[in-house]
Each structure stands twice: as structure tokens, then as C-alpha cells.
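K.L.:
Structure in C-alpha cells, see below.
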Ligand code: CP
């Protein structure tokens, strides 16, 4: 594995598979009464979250603790960034404290590359603007792989705000790398200009897009990154592009309904769907912990 994990492109197919296999071993450890292993003893992990997060931050923090690492939590709002210190100087300050792995989330695309240029350790991208979220893609792939044994030949439909989602970019790269067929479904105003280069099918009808799906992935409306006026309103969006209760009757019994979270009930997904027997949304969170342990393992073993 390379020194940094900034996009899914940093992983070969065999490295991807190795992370999944090792993730399975870590998932088993997480069911034991004593869930701690010494793999990262003596290593220091810096959690640099410049943007809010529940799942990703807590999952990385717990993964590091389960592996016996020391953790430094950097909080932008109480840091010297508030005294106009630059990200470069902030990161060089942390580097002087000899942190081994930096987990970085930022609202601007590309910040993990800036961090990587100024430190001696490794960088894991925990989400940068609308660019990339590779560890979400790894946990999503794991969740599908665990159920189906492979992604090859599966039909995966992604419904929601495609244009502003970093998850979708990483998921599409990962799903295609592992041989799945991907369909996206979104309003025309939330279709990225680069759609023809993505290697996916586009369908503007949720009913049609999910017809033969093995996996249905809902995506949150990324209001924090959107200009206004891209959809008439959330009620109309839910009517045409929401994963609504009505779809439940027509689903193949083995279909997985996924969502990276946080979910907005009644907008991109109805509560009846999010809480249905098809939903693996909470399983994704559990798998996030196991796969992030595996990512740490692969970085320190590299
Ligand atoms: N899926 C995800 O990245 O969630 P958080 O923003 O809560 O980390």
C-alpha cells in the first residue's frame, strides 16, 4: 500500500481485497469480550477534523483505540487557525510532535494533499469537500462484499445528489474497479458536467433505476456545498427522487439499501425504508470500524 490514502486510486484491486480480508478478521475481534489488540502500540494518530463528522471521526478514533494507538484530537475552532495560522504551519507544528498517521477531513478539496506535502507520516483522507471519501467507499464495498461474496456483475444504483457528493465519486471508482455495474439517478440539475467520463448509466426515474438493482444507495442532499435553486423544494425532491415507502413492495428480497449517513429522513429516504429489513445502514457503521482498523494495519505494515 502507498504511504497515503487520499483517493480510491491509491489502491490496487489486490490491495483493496487485502483490506477487505483483514477487515473480516478485525470484525471478528470486535465481537470478543476484550476488543483491544497491540498493533498500533507506540504509534500516534492525529485526528484533524476541520469539518463536522459523527461516523467517520468516532470510527477512526475507536479504531485507533482498539489498536492501542495514542490519539491527538485537533479541533479547528479552538486551534491557532483562529489566530490566522495557516494550515501549512499548523501541520508543520504537528509534524514536529512526530505524529505517525494523520486522518484529515476538510470542506475544501485537496487539503489532504497539502497536509501530505508537509509531514513525514501518512495521511488518510476522511473526506475533502466534494472530491473524495475513500474510507467510506471501502466500508461500502465491504458491506456489499460480505453479503454477496463479490461485486463482480452486481447492479448498484445510487440515488441522490450526485454532483456535490464526495462519497459517490469514491464509491463509483471502487465499485467499477471491482467489476460492478453502476447506475446513477438524480435530477438533471444535480448531474455533474463530467458524467460521461464516470463510466456509469444515468436514469432519471427512481422506479426504473432500481428495477434490477442488487444494491440501492441513497445519498444526502449536500446543502452545505450547493448553490441555491438546484431543486424546487425538498418536498418535491422527495416526491420524485426520494427512496419512498412505495418502493418496498417491488424490491428483490436480497437487495441491500445503503446510505453513508447522516440520513435526512423524508428527503432522500423515508424512515420506513431506512428502518426496513433491506436496510444495512447501521451495518455500514459497524463495518466502518473494522475496515478503518484494517486501513491502519495496512499503512503501518507498508
Ligand atoms: N458518512 C460520513 O462521512 O458521515 P460523517 O459526516 O458523520 O462522518
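The values are calculated or read from the model by the stated rules, or taken from the named source; none is laboratory data. Computed from a predicted model, the values in this text were never measured in an experiment. Every residue, glycine among them, receives a Cβ derived from its backbone with ideal geometry; neighbour counts consider all protein chains shown.
K.L.:
Take the residues of segment 197-210 that are within 23 Å of the chain's Cα centre (by Cα) and part of a helix (DSSP H, G or I): which is surrounded by the most Cβ atoms within 10 Å (Cβ to Cβ)?
P.N.:
So the residue we want is 209.
K.L.:
Can residue 36 be described as assigned to a helix (DSSP H, G or I) and either surrounded by fewer than 19 Cβ atoms within 10 Å (Cβ to Cβ) or in contact with a strand residue (DSSP E or B) (Cβ under 7 Å, 6 or more places away or on another chain) (or both)?
P.N.:
no
K.L.:
Something else about it: State whether the residues of segment 147-157 include one that is within 16 Å of the ligand (Cβ to nearest atom), touching a strand residue (DSSP E or B) at 6+ places or on another chain (Cβ under 9 Å), closer than 17 Å to residue 215 by Cα and outside the structural domain of residue 19 (by TED's automatic domain parsing).
P.N.:
Step one: list which residues in segment 147-157 are within 16 Å of the ligand (Cβ to nearest atom), which gives none.
Scanning segment 147-157, I find no residue that is within 16 Å of the ligand (Cβ to nearest atom), touching a strand residue (DSSP E or B) at 6+ places or on another chain (Cβ under 9 Å), closer than 17 Å to residue 215 by Cα and outside the structural domain of residue 19 (by TED's automatic domain parsing), so the answer is no.
K.L.:
If you don't mind, there's one more thing I want to ask. Restricting attention to segment 30-59, which residues are more than 9 Å from the ligand (Cβ to nearest atom) and either closer than 22 Å to residue 120 by Cα or touching a residue at least 40 places away in the same chain (Cβ under 8 Å) (or both)? Quick ask: steps written out before the conclusion?
P.N.:
Kept after step one, since they are more than 9 Å from the ligand (Cβ to nearest atom), are these residues of segment 30-59: 30-48, 50.
Across segment 30-59, the qualifying residues are 30, 39, 40, 41, 42, 43, 44, 45, 46, 47, 48, 50.
K.L.:
Of all residues in segment 96-108, which are without any contact (Cβ under 8 Å) to a residue 40 or more places away in the chain and either within 20 Å of residue 59 (Cβ to Cβ) or within 16 Å of the ligand (Cβ to nearest atom) (or both)?
P.N.:
108, the sole residue that qualifies.
K.L.:
Residue 260 passes all but one of (1) at pLDDT 95 or above; (2) farther than 16 Å from residue 184 by Cα; (3) in a loop (DSSP other than H, G, I, E, B); which number fails?
P.N.:
(2)
K.L.:
So which residues in segment 60-74 are within 15 Å of the ligand (Cβ to nearest atom) and more than 14 Å from residue 101 (Cβ to Cβ), if there are any at all?
P.N.:
The answer is 62, and nothing else.
Listed here are the residues, each with its yes/no results for (1) in contact (Cβ under 8 Å) with a residue 40 or more places away in the chain; (2) farther than 20 Å from residue 171 by Cα.
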{"residue": "197", "(1), (2)": "no, no"}
{"residue": "216", "(1), (2)": "yes, no"}
{"residue": "240", "(1), (2)": "yes, yes"}
{"residue": "251", "(1), (2)": "yes, yes"}
{"residue": "261", "(1), (2)": "yes, no"}
{"residue": "286", "(1), (2)": "yes, no"}
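K.L.:
Out of 113, 142, I need the residue that is surrounded by 20 or more Cβ atoms within 10 Å (Cβ to Cβ) and in contact (Cβ under 8 Å) with a residue 40 or more places away in the chain. Which one? Show your work before the answer.
P.N.:
On the way: 113 fails: surrounded by 20 or more Cβ atoms within 10 Å (Cβ to Cβ).
Only one candidate passes the filter, namely 142.
K.L.:
Regarding residue 50, is this residue touching a helix residue (DSSP H, G or I) at 6+ places or on another chain (Cβ under 6 Å) and within 23 Å of residue 23 (Cα to Cα)? Before the answer, list the steps.
P.N.:
On the way: touching a helix residue (DSSP H, G or I) at 6+ places or on another chain (Cβ under 6 Å): yes; within 23 Å of residue 23 (Cα to Cα): no.
Answer is no for this residue.
K.L.:
Something else now. Restricting attention to segment 78-88, does a residue exist that is within 15 Å of the ligand (Cβ to nearest atom), touching a residue at least 24 places away in the same chain (Cβ under 8 Å) and more than 27 Å from residue 206 (Cβ to Cβ)?
P.N.:
If we filter segment 78-88 for residues that are within 15 Å of the ligand (Cβ to nearest atom), which is where we start, we get none.
Checking segment 78-88: not a single residue is within 15 Å of the ligand (Cβ to nearest atom), touching a residue at least 24 places away in the same chain (Cβ under 8 Å) and more than 27 Å from residue 206 (Cβ to Cβ).
K.L.:
Right, something else. What's the total number of residues in segment 100-149 that are outside any helix (DSSP H, G or I) and under 14 Å from the mean Cα position of the chain (by Cα)?
P.N.:
Step one: filter segment 100-149 for residues outside any helix (DSSP H, G or I), giving 100-110, 118-133, 149.
Still in the running and under 14 Å from the mean Cα position of the chain (by Cα): 103-106, 124-133.
Selection size over segment 100-149: 14.
K.L.:
Give the number of residues within segment 186-213 that are touching a helix residue (DSSP H, G or I) at 6+ places or on another chain (Cβ under 8 Å) and farther than 21 Å from residue 253 by Cα.
P.N.:
So the count comes out to 8.
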